[in-house]
Amino acid sequence: MITTVAEIAAYEGQTVTLRGWVYNASGKGKLLFLQIRDGSGIIQAVCNKVELGDELFESLKRLGQESSLEITGKVSADSRSKLGFELHVSGAHIVGTSEGYPITPKDHGPNFLYDHRHLWFRSKRPHAILHVRHLIIQAIRNYFDSRGFLLLDSPIFTPNACEGTSTLFETEYFGQTAYLSQSGQLYQEAGATAFGKTYCFGPTFRAEKSDTRRHLNEFWMVEPEIAWIDLDGIMDMCEDFVVEVVAHVLKNGRQHLEELERDISVLERVQKPFPRISYDDACAMLEKLGHPVEPEDDFGSPHETELTKQFDRPIMVHRYPSIVKAFYMKADPENPARALGVDVLAPEGYGEIIGGGQREDSYDELVRKIHHHQLPMASFEWYLDLRRYGTVPHGGMGAGVERLVTWICGIHNVREAIPFPRTITRLTP
Ligand code: 4AD
Ligand code: MG
């Protein structure tokens, strides 16, 4: 019977075959202990020279880390191991040998590990992080699919600069200039007027010029957009969404969080309501905390860190200065210098995980803003149609998957939150 480590409990007392790789080996004399990983888990395989015979025993003993093999043995309970079972080996077939595997149990520098990312994620820590990422993506899809949103994929090639012209990746497109999408939002606005509520979920690209622990040049974003909603409604959704995503990981990914030594209590406190703080109130708080913000300026990461330290759960900062926000944001009718936008900031200094808000729905105002931001009007004509033909109050948000993963896993750098990170200094592997 061929099975996997994850399913081993069902076979106690039986003889099974596992297909995997040698994760580690130890032993002495007539005993050899192989840690076998098969992608679903790790099991200790006990090899006894007397039972296996000299030839097989010696060839197993010579196997380097990450050699691949099919290994057969009897499953028995083992209370000392985390898995609770071990394999008493009766036979093995070596498939692929491996010598000099570069990632050994000793410490390696981060650059070395990222150079070997294609191998590195066979190890326990990236394994745990990428499992949490999978659960987060599952929770994201469940969230929108169970609430009547239509998945409407936005294009990757686009003529529009959605999030400012300073981070565009430009490419030649049959004689025209195209950009890699910085955000699928503008297309979701078209979707919301056609279907009521839609979302896109895909890779987005930003030519961020600096290499920070929070920035990638390629990252995944989920962007829901809803017709007939205001900023308060958007904040309600952001809060509900974050609570549900965290709860899904807590329910289904505890072993991965434990592997990462994540402080679970921090995640358990992620409950509604999240504090809602206006930008102006946040500035007053920061002033008192000794981290003043320049008038009408955006927050830097030290501001976000200091502010979030004051709370035990994510916070929502709304109504930032219009001048630091994107062209599409609707101005607050009560104070046009403020935009009806919101950033959700994660606790423990993780910073912004979501950006969103209410969109400018007036044709004239939008035209004025496109001019003001010096964006090429021609490429926004289609977008202006959404205001020409039955405009309505609407809004949405964008949640960065890797920022969520980084925070939920409690890891330091967003690079670890994606299988193959793309940063200013890294295109390989
Ligand atoms: O705040 P941003 O720029 O908002 C938008 O793109 C809107 N169009 C979204 C919308 O309303 N539909 O980006 C949204 C989120 C951020 O909060 C952050 O989580 C993530 O995307 N993000 C990045 N993640 C990793 N690396 C980067 N360089 C990121 N830039 C933004
Ligand atoms: Mg933002």
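The values are calculated or read from the model by the stated rules, or taken from the named source; none is laboratory data. On a predicted model such as this, the values are computed, not experimentally measured, just so you know. Backbone-built Cβ (ideal geometry, glycine too); neighbour counts: all protein chains shown.
Given region 327-423, what strands (runs of 3 or more DSSP E) lie entirely inside it while holding 2 or more residues that are near ligand 1 (Cβ under 9 Å from one of its atoms)?
Strands (runs of 3 or more DSSP E) meeting the threshold: 341-346, 351-358, 394-400.
What are the pairs, 6+ residues apart or on separate chains, where a residue within region 346-366 that is assigned by TED's automatic domain parsing to the domain that holds Cys238 has its Cβ under 6 Å from a residue that is acidic (Asp, Glu) and within 15 Å of ligand 1 (Cβ to nearest atom)?
Gly351/Glu304; Glu352/Asp343; Gly355/Asp343; Gln358/Asp230; Leu366/Glu360
Is region 342-361 home to any residue that is more than 13 Å from ligand 2 (Cβ to nearest atom) and either more than 25 Å from Cys238 (Cα to Cα) or β-branched (Val, Ile, Thr) (or both)?
no
Which one of these is touching a strand residue (DSSP E or B) at 6+ places or on another chain (Cβ under 6 Å) and basic (Lys, Arg): Arg262, Arg276, Arg313?
Going through Arg262, Arg276, Arg313 in turn, the sole match is Arg276.
I'd like to verify a number: residues in region 1-32 that are surrounded by 15 or more Cβ atoms within 10 Å (Cβ to Cβ) and either more than 25 Å from Pro102 (Cβ to Cβ) or among the hydrophobic types (A, V, I, L, M, F, W, C) (or both), how many?
The total comes to 12.
In region 242-277, what count of residues is obtained for those that are crowded, with 16+ Cβ neighbours inside 10 Å and either among the polar types (S, T, N, Q) or in contact with a Pro (Cβ under 8 Å, 6 or more places away or on another chain) (or both)?
4
Which numbered condition trips up Leu150, out of (1) within 11 Å of ligand 1 (Cβ to nearest atom); (2) within 23 Å of the chain's Cα centre (by Cα)?
Leu150 satisfies all of (1) within 11 Å of ligand 1 (Cβ to nearest atom); (2) within 23 Å of the chain's Cα centre (by Cα) except (1).
Let's see how each residue does on (1) within 12 Å of ligand 1 (Cβ to nearest atom); (2) under 15 Å from the mean Cα position of the chain (by Cα); (3) of a type outside the set (A, V, I, L, M, F, W, C):
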residue	(1), (2), (3)
Leu186	yes, no, no
Gly191	yes, no, yes
Ala207	yes, no, no
Arg213	yes, yes, yes
Asn217	yes, yes, yes
Trp220	yes, yes, no
Ile226	yes, no, no
Val242	yes, yes, no
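Which strands (runs of 3 or more DSSP E) sit wholly inside region 144-237 and have at least 2 residues that are within 26 Å of Asp361 (Cβ to Cβ) and of a type outside the set (Gly, Ala, Ser)?
197-205, 218-227
Report, by residue number, each residue of region 38-51 that is in contact with a Lys or Arg (Cβ under 7 Å, 6 or more places away or on another chain) and either crowded, with 19+ Cβ neighbours inside 10 Å or touching a residue at least 24 places away in the same chain (Cβ under 8 Å) (or both).
Selection gives Asp38, Asn48.
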